[in-house]
Every structure is written in C-alpha cells, then in structure tokens.
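To keep things clear, I will list the structure first and then write my remarks on it.
The values are calculated or read from the model by the stated rules, or taken from the named source; none is laboratory data. None of the values given here were measured: they were computed from a predicted structure. All Cβ positions, glycine included, derive from the backbone under ideal geometry; neighbour counts span all protein chains shown. Accessible surface areas use protein heavy atoms only, side chains included; no ligands, DNA or RNA. Shrake-Rupley method; radii C 1.70, N 1.55, O 1.52, S 1.80 Å.
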Amino acid sequence: QVQLIGSGGGSVQPGGSLRLSCAASGRTLSSHAMGWFRQAAGKEREFVAVVSWSGSGWSGTYYADSVKGRFTISKDNAKNTVYLQMNSLKPEDTAVYYCAATSGGTIYMGADYLRQSSTYMYWGQGTQVTVSS
C-alpha cells in the first residue's frame, strides 16, 4: 500500500515562495506519475502539475496555465519524494494542495489524461497554502 505524506504548506505574503514536499512510503514510485492538485474553498479540485516517470517513454512536466512560469515540480527517485516549488505566489493560489500518484507502470496517454484527478490512485492528506497580506 502506498502512503503519500505532504508537507511544507503555510502562510505567506503575495510574491513569496513555498516549497511543498510529498514523501512516499510503501513502494518506490519511480514508475508512477506524480502530480499536484489543489482545491480552494468552495471550488473543485484542479490540476497543478505533473512530472514524468520511468518507463513511460515521456520525459518532462506539465503545468496548469495559472501556475506556469511560477511553479516547478521535481522528483527525487532516490528519496521517493516529489516537490513543488512555488514562487511569486498570489492570493488566488490559496488552497489545500494534494500530491497524487498513479498506479505503477502507468502508460503515458497525453497531457489531458494526466490532468484528470481520476487518473491518480493514491493521494496525500493535503497541506494548506494561504497567500495573504
């Protein structure tokens, strides 16, 4: 069983930075797509970013348009951890952030597939990010 533990959330002023971490236990996640989603109060969960995985034939990252150029997703397979570096934060980035992982050996089926929350099997508990002056 895979467990994802997210951390690094907090409160920051607009223009500030935070780095979220998501540590996985129970299984190495090198062959799993790893992503971040967020859910603001009263809104649906939305895709933030995803990073490629071993054996997929795809190498790279995808980002939501709203965070492109400000957020960076990365993955450390040796530590079984995925990160989300968030810079130039805006009040509209305020949300609970969730890390997520697909099942092992996921086949790459394009960006739209990876942007869907239903693609992911495992979810972290969520970490709150608040951007406010």
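Reported count of residues in the range 19-50, each being under 11 Å from Cys99 (Cβ atoms) and outside any loop (DSSP other than H, G, I, E, B), is 13. Only residues that are of a type in the set (Phe, Trp, Tyr) and within 14 Å of Cys99 (Cβ to Cβ) were counted across the range 63-88, and they come to 2.
Look at (1) modelled with pLDDT of 95 or more; (2) loosely packed, with under 15 Cβ neighbours inside 10 Å; (3) under 18 Å from Asn80 (Cβ atoms) and you find that Val50 fails only one, number (2).
Suppose we keep only residues that are of a type in the set (Ser, Thr, Tyr), more than 22 Å from Ser54 (Cβ to Cβ) and more than 15 Å from the chain's Cα centre (by Cα) within the range 105-133. Which one would you say is most open to solvent (accessible area, probe 1.4 Å)? If we take residues in the range 105-133 being of a type in the set (Ser, Thr, Tyr), more than 22 Å from Ser54 (Cβ to Cβ) and more than 15 Å from the chain's Cα centre (by Cα), then Ser133 is most open to solvent (accessible area, probe 1.4 Å). Within the range 53-64, the presence of a residue that is open to solvent by less than 30 Å² (accessible area, probe 1.4 Å) and either of a type in the set (Asp, Glu) or not in a loop (DSSP other than H, G, I, E, B) (or both) is excluded. Within the range 1-27, the set of residues being loosely packed, with under 14 Cβ neighbours inside 10 Å, farther than 11 Å from Asn87 by Cα and not polar (S, T, N, Q) comprises Gly10, Gly26. Within the range 91-115, residues that are closer than 18 Å to Asp65 by Cα sit with their Cβ atoms under 8 Å from residues that are in a helix (DSSP H, G or I), at 6+ positions apart or across chains, in these pairs: Tyr113/Thr119. Just so you know, in the range 65-80 the residues that are farther than 23 Å from Ala40 by Cα and over 11 Å from the mean Cα position of the chain (by Cα) include one that is surrounded by the most Cβ atoms within 10 Å (Cβ to Cβ), and it is Asn80. Scanning the range 94-104 for residues that are open to solvent by 10 Å² or more (accessible area, probe 1.4 Å) and either of a type in the set (Phe, Trp, Tyr) or within 11 Å of Gly57 (Cα to Cα) (or both) yields a single hit, Tyr98. Each residue in the range 65-90 was checked for being more than 24 Å from Ser25 (Cβ to Cβ), of a type in the set (A, V, I, L, M) and without any contact (Cβ under 8 Å) to a residue 40 or more places away in the chain, and 1 of them qualify.
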